[in-house]
Amino acid sequence: MDSNSNKPSAAIFMSGSGSNAEKLLESIGSTGTPSWRASLIFTDAPMKSRAAEIAAKFKVPFLSLDILEFYRKRGESKVSLATENGRGIREEWTGEIRKLIVHHEVDFGILAGFVPLTNITSDFPCLNVHPGDLTVEENGRRILVGLHTVPIETAIIRGYDSLRSSVIVAQTYTGRGGEMDSGPIIGVSSKVKIDLKNVGIDEILGVYRARPAQRPVGGYRDLLEEIAKHNQELLKRDGDWTVFPSAVRDFASGKFSYDENGSLFYSAENGWKKIKTVEYGKSSINPCFI
């Protein structure tokens, strides 16, 4: 019998290049006995993502359901949650995902660059890596939230000198905003220095102030976004690829728990410890508590 068959199994959801998925799959067993196994890889973008390639490489079952094609067949030219019809199609699409994965054992999900805001998160815990330090708060609210490069841009215009990646238990999306990044923060990476590419902060702030009120389709495509994308790649390499495999390993090992108030606990050598989160550094597999 497969020695890993009794390990918690994860469904990996991805939309693009899958670099985080690859790092996660490479990490299984890299620090000793594996704590989890991959039961499937799913993609919403089979024509664009590397999901099929990665699934074949690691011998993991591959599933797909093209979300754009799904919307088009129902009369919508683009994927959107702005209308009641769009939200209804998203829920129908999520229901079809459930049918696809029902024959695969799934204990938890891993959102490895998964674009759609699917509510599969209500079926089982789903871990997501976020390009921002979600422990940073102002008046009790997390500051470095949002999609795309928004968290990194926020850190830059606020004058921060470093970034962190955060791993959270993703929450169900309702359309009111903020829920997806509001879950428990089970891990953060060590700090990654921001690189402004020798551009002065005053010039960057000038670009920010000149932006239109609403983000254009495809992004702003300005200097700030260019610098943010550069830092996003640095953060992926030195942040995501450190914290994500380690946090997934500990989560699968049962090292995290919550009380009735939603407080986070970690199973340390001397018993359960109440924490805000865990910092996972590149130079050590031993976590630091925050």
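Readers should treat all values here as calculations from the given coordinates under stated rules, not as data from a laboratory. Because the structure is predicted, anything quoted here is derived from the model rather than measured. Please note: Cβ atoms are built from the backbone with ideal geometry, for glycine as well, and neighbour counts cover all protein chains shown.
When only the Cβ of Lys, Arg, Asp and Glu is charged (+1, +1, -1, -1), the dipole of the range 1-116 relative to its Cα centre reaches about 140 debye. With kT/(6 pi eta Rh) evaluated at 20 °C and eta = 1.002 mPa s, and Rh the Kirkwood radius from Cα pairs, the chain diffuses with a coefficient of 107 µm²/s according to Stokes-Einstein. Can you say what percent of the DSSP beta bridges in the range 1-116, counting only those with both residues inside, are antiparallel? Round to 5. Of all bridge pairs located within the range 1-116, approximately 0 percent are antiparallel. If the chain linking ALA82 and GLU53 were pulled fully straight, counting 0.36 nm for each residue of separation and taking away their Cα-Cα distance, it would gain 7.1 nm. Considering helices alone, the calculated mean residue ellipticity of the chain at 222 nm is -8500 deg cm²/dmol, with DSSP H runs of length four and up weighted by -39500 (n - 2.57) and normalised per residue. If both residues of a DSSP beta bridge must be in the range 77-169, then about 65% of such bridges are antiparallel.
Which of the trypsin sites (Lys or Arg not before Pro) found in the range 97-195 are loop residues per DSSP with 15 or fewer other Cβ atoms within 10 Å of their Cβ?
ARG158, ARG176
Summarising the amide proton neighbourhood of ALA38: residues at separation of 5 or more, or on other chains, whose placed amide H is nearer than 5 Å comprise ALA10.
Got a sec? How would LEU223, LEU127 order by Cβ neighbour count within 10 Å, fewest to most? Write down the numbers at each step before the final one.
Values: LEU223 15, LEU127 24.
In increasing order of surrounding Cβ atoms, one gets LEU223, LEU127.
Rounded to the nearest 20 debye, the dipole size of the chain about its Cα centre is 220 debye, using +1 on the Cβ of Lys and Arg and -1 on the Cβ of Asp and Glu.
Under a 5 Å amide H cut-off, with hydrogens placed 1.01 Å from N, GLY187 pairs with VAL167, VAL278 among residues at least 5 apart or on other chains.
Multiplying the residue separation of GLU260 and ARG237 by 0.36 nm and removing their Cα-Cα distance gives an extension gain of 4.7 nm.
Within straight-line reach of LYS276, meaning a Cα separation under 14 Å, sit the following aspartates and glutamates at least 8 residues removed in sequence or on another chain: ASP133, GLU137, ASP259.
Loop-resident trypsin sites (Lys or Arg not before Pro) (DSSP state other than H, G, I, E or B) in the range 1-95 with no more than 16 further Cβ atoms inside 10 Å of their Cβ: LYS48, LYS59, LYS73, ARG74, LYS78.
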